[in-house]
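K.L.:
Quick one: the structure is below, questions incoming.
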Amino acid sequence: MAVLVTGGTGYIGSHTVVDLLNNGYDVVIVDNYVNSKPEVLNRIFKITDKKPRFYEISVQDEEKMSEVFEKENITDVIHFAGLKSVAESVAKPQLYFDNNVGSSKVLLKLMNKYGVKNLVFSSSATVYGVPDHVPLKETDKVGGCTNPYGQTKLDIEYLLKDYAKEHKDANIAILRYFNPIGAHSSGLIGEDPQGIPNNLMPYITQVAVGKRDHLNVYGNDYKTVDGTGVRDYIHVVDLARGHLCALKKLEQKPGLVIYNLGTGKGTSVLELVHAFEKANNIKINYVICERRPGDVDENYADCHKAYEEMGFKTKLDIVDACRDSWHWQKNNPNGYGD
Ligand code: UFG
């Protein structure tokens, strides 16, 4: 009885593995370290005093993945593995399609072959494209993705829907994440972007730690409270817990279900910057610059469905996330190192 976690050493994956281990699950990780480091496993051990079994494999490698299914008694899969850089996906759309959609196909094939019924999939609010209203409900229209990365998430959702139609005993939870930030309260695991961070919070923490001179705020003429983009920032520890709620939900054999995982509350770029400054007593220098192509005014979740159907509700807020992100960055100025 083990949970297979693909991409289990990544940012969201590692926090979820910690929560699984702390809740008595037997965990098997598959990761090819494309966007993570072996050190993560030591950190997971430090926090939980437990060692998940680990295979350094790409999910696209059907033969090696097959050996894992052969050897381990897998009952559930949480599928995080995938490439996730919006900018890189614009430059290399085929790579993103092959990797993200291809690995999901391999996984479904093997789940079918080995009789594994339960899957939690790491999707994204990006599938809603350019929203014409907020908050976003799971029943709102999807599509019109603004980049190839987002399109791969939507393609995989369709793949899973087709699979569920054909395999009536499959139970699949598609989780649409909004914007994960924060880190484990131990400061031992957190977000470790390669190169210049694309996302707001790691950029802020790198300015705070002195690695970057200032934050570029991408536009202050959006139709929002202060003109800067509004997003739904969810603490990664809450987000991780959402996966355990989803596993429990799958025990009820619901077929295919879709849940937004967010807080239901929008926060602007400048509100987040000021919350960070206040929580940590650090000044963040910023410069207002041009809009970033593809960005939308506002994006936040309607979270009622996740609460009503699986009892999931966030417990942490952006102040907690600002404190925890900084704790992680301060203790690990170079992330997990080389
Ligand atoms: N922003 C800045 N400066 C930066 C980085 C970001 O001003 O250096 C702004 C953006 O313009 C936006 C907000 O901060 O208004 C959030 O930007 P992020 O890049 O942190 O997050 P996005 O909402 O653009 O994208 C995130 C994930 C995607 C996912 C999407 C789902 O990175 O993978 O949420 O909605 F698809």
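The values are calculated or read from the model by the stated rules, or taken from the named source; none is laboratory data. Predicted model, so just to flag it, every value in this text is computed and none were measured. Positions of Cβ are generated from backbone atoms using ideal geometry, with glycine treated the same way; all protein chains shown enter the neighbour counts.
K.L.:
Checking residue 293 against (1) over 19 Å from residue 227 (Cβ atoms); (2) out of contact with any Gly (no Cβ under 7 Å at 6 or more places or on another chain), which test does it fail?
P.N.:
(1)
K.L.:
Run residue 10 past the list (1) modelled with pLDDT under 95; (2) closer than 23 Å to residue 100 by Cα and report the number of the one that doesn't hold.
P.N.:
(1)
K.L.:
Then there's this: Restricted to the stretch 169-182, and to residues that are away from the ligand (no atom under 15 Å from the Cβ) and not in a strand (DSSP E or B), which residue is farthest from residue 331 (Cα to Cα)? Explain how you work it out, then say what you get.
P.N.:
The initial filter retains those residues of the stretch 169-182 that are away from the ligand (no atom under 15 Å from the Cβ), namely 169-173.
Right, trim to not in a strand (DSSP E or B) and you get 169-170.
On the way: 169: 46, 170: 43 Å.
Among those that are away from the ligand (no atom under 15 Å from the Cβ) and not in a strand (DSSP E or B), it is 169.
K.L.:
Tell me which residues, restricted to the stretch 104-161, are aromatic (Phe, Trp, Tyr), surrounded by fewer than 18 Cβ atoms within 10 Å (Cβ to Cβ) and not in a loop (DSSP other than H, G, I, E, B).
P.N.:
Within the stretch 104-161, just 158 meets the criteria.
K.L.:
If you don't mind, another one. Are there any pairs, at least 6 apart or on different chains, whose C-beta atoms fall under 6 Å, with the first in the stretch 297-325 and without any contact (Cβ under 8 Å) to a residue 24 or more places away in the chain and the second surrounded by fewer than 19 Cβ atoms within 10 Å (Cβ to Cβ) and not in a loop (DSSP other than H, G, I, E, B), and if so, which?
P.N.:
Sorted first by the residue in the stretch 297-325, then by its partner, the pairs are 313/307.
K.L.:
Residues 240, 306, 301, 246: which one is within 12 Å of residue 182 (Cβ to Cβ) and small (Gly, Ala, Ser)? Steps first, answer last, please.
P.N.:
Values: 306 fails: within 12 Å of residue 182 (Cβ to Cβ); 301 fails: within 12 Å of residue 182 (Cβ to Cβ); 246 fails: within 12 Å of residue 182 (Cβ to Cβ).
Answer to the check: 240.
K.L.:
Further, regarding this structure: Looking at 30, 5, 77, 59, which is the one that is part of a loop (DSSP other than H, G, I, E, B), of a type in the set (Val, Ile, Thr) and either buried (at least 20 other Cβ atoms within 10 Å of the Cβ) or at positive phi (or both)? Walk me through how you get there before you give the answer.
P.N.:
Details: 30 fails: part of a loop (DSSP other than H, G, I, E, B); 5 fails: part of a loop (DSSP other than H, G, I, E, B); 77 fails: part of a loop (DSSP other than H, G, I, E, B).
It is 59.
K.L.:
Would you mention how many residues in the stretch 9-19 are in contact with a Pro (Cβ under 9 Å, 6 or more places away or on another chain) and either surrounded by fewer than 24 Cβ atoms within 10 Å (Cβ to Cβ) or farther than 16 Å from residue 46 by Cβ (or both)?
P.N.:
Step one: filter the stretch 9-19 for residues in contact with a Pro (Cβ under 9 Å, 6 or more places away or on another chain), giving 9, 11-12, 15, 17.
Of the ones still in play, those that are also either surrounded by fewer than 24 Cβ atoms within 10 Å (Cβ to Cβ) or farther than 16 Å from residue 46 by Cβ (or both) are 11-12.
Final tally of qualifying residues: 2.
K.L.:
With respect to residue 198, is the statement that it is near the ligand (Cβ under 8 Å from one of its atoms) and either assigned to a strand (DSSP E or B) or β-branched (Val, Ile, Thr) (or both) true? Talk me through it step by step, then tell me what you get.
P.N.:
Values: near the ligand (Cβ under 8 Å from one of its atoms): yes; either assigned to a strand (DSSP E or B) or β-branched (Val, Ile, Thr) (or both): no.
So residue 198 fails the test.
K.L.:
Suppose we filter the stretch 202-236 for residues that are near the ligand (Cβ under 8 Å from one of its atoms), surrounded by fewer than 17 Cβ atoms within 10 Å (Cβ to Cβ) and of a type in the set (A, V, I, L, M, F, W, C); how many remain?
P.N.:
0
K.L.:
Condition test on residue 159, is it touching a helix residue (DSSP H, G or I) at 6+ places or on another chain (Cβ under 9 Å), modelled with pLDDT of 95 or more and within 12 Å of the ligand (Cβ to nearest atom)?
P.N.:
no
K.L.:
Could you pull out the residue among 262, 266, 242, 219 that is touching a residue at least 60 places away in the same chain (Cβ under 8 Å), within 21 Å of the chain's Cα centre (by Cα) and farther than 25 Å from residue 10 by Cβ?
P.N.:
Working: 262 fails: farther than 25 Å from residue 10 by Cβ; 242 fails: farther than 25 Å from residue 10 by Cβ; 219 fails: within 21 Å of the chain's Cα centre (by Cα).
Result of the check over 262, 266, 242, 219: 266.
K.L.:
Test each condition in (1) on the phi < 0 side of the Ramachandran plot; (2) within 16 Å of the ligand (Cβ to nearest atom); (3) over 18 Å from the mean Cα position of the chain (by Cα) for residue 191 and report the one that comes out false.
P.N.:
(3)
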